[in-house]
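One structure is given here, and the rest of the page talks about it.
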Amino acid sequence: MMENLSPRRNLSTVILFTILSAALALTIAFFYASLHNLRTTYEHDFDDVNNNLKSMETRQTAYQQQIQTLTKLVIKSLNATDTYINNITNTVTAAQDVIKEDVKEVNELADSQNSLLATQFAGMFTVLVILVSGYHLSQHIRHMHSPVVQRKIMAVLWMTPIYSVTSWLSLVVPLSEPYLAVIREFYESYCVYTFLSFLIAVLGRGDRWAVVDLLEQRADQLSNPDKFMCGLDKCLWNCCNCCRGRRRAIPSNEVELVEHEGKEDKLGKTSVATGKSAN
């Protein structure tokens, strides 16, 4: 009985081992097939990923090229814009310079015209003054009845032509104005001196003490001088009295000469008036 059971056990063990081996082989085969499928799937996925990466790299390269192209276009457009702006700025600057030069030329032309007009008017009045003064000077030269007085009148009459000529030359030649002003001021001071001499010649016949006497005779008609708080008016009055006491007396021959010249003046004026009435 035992001998009959042992072969059965061996058979069942072999069958079980075979079944287990077959199951293990099937499991291994299934696992291998699964691994192979998984590997194939991974390889396909890896290929897809590589393809995607390559396509992305291709797109990136295309994008970079497009970006470079756009950058070049933008730079060119910016350079063109800068050039255009620079051209506009240069054109505006040139136009402004031209306008400024035109305005300057117009102002200079207006100034020259104004100065020319002023010079013409000044020259016209200068000629008129010279003619009038020359006429009066010629009349004094033709009718020199009182040379002592008329020479001083002629010296004063020379003031207007000298003053007008120097003023006109100052307009024509502005650089010579300081030198002409010296001449003008010098002759003006000389005219003041000549006018004082003329008054002495007319009122005192060349003697200033005669003028003082004449003023003394008319002293009552003069207003009183201003009163000073410190008594300076009394000092000045005493000084005048001292000067009046020290002046010399007019000689009798000079008095006769003055009376003779007065008579000659009256006769000359009478003859001139007669000649004019006759004409």
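The values are calculated or read from the model by the stated rules, or taken from the named source; none is laboratory data. Keep in mind that this is a model prediction, so the values were computed, not measured. In this analysis, Cβ positions are derived from the backbone assuming ideal geometry, glycine residues included, and neighbour counts consider all displayed protein chains. Only protein heavy atoms, including side chains, enter the accessible area calculation; ligands, DNA and RNA are left aside. Shrake-Rupley method; radii C 1.70, N 1.55, O 1.52, S 1.80 Å.
Across q = 0.13, 0.20, 0.27, 0.31 Å⁻¹, segment 121-168 modelled as identical point scatterers on its alpha-carbon atoms has Debye log10 I(q)/I(0) values of -0.31, -0.63, -0.91, -1.07, in the order of the q list. Rolled with a 1.4 Å probe across the full set of protein chains, the surface gives Leu73 an accessible area near 100 Å². For Ile162, the solvent-accessible surface computed with a 1.4 Å probe is close to 40 Å², ligands and nucleic acids excluded. Measuring r between the beta carbons of Thr27 and Glu57 and using R0 = 51 Å, the FRET efficiency lands at 0.75. One decimal place: the segment Leu11-Glu101 gains 19.4 nm when fully extended, by the rule 0.36 nm per residue minus the C-alpha distance.
Per q in 0.20, 0.22, 0.27 Å⁻¹, report the Debye log10 I(q)/I(0) for segment 91-138, using one uniform scatterer on each alpha carbon and no solvent. Calculated log10 I(q)/I(0) at the listed q: -0.72, -0.77, -0.88. Compared with the direct C-alpha span, the chain from Asp111 to Tyr42 gains 14.9 nm at full extension, assuming 0.36 nm per residue.
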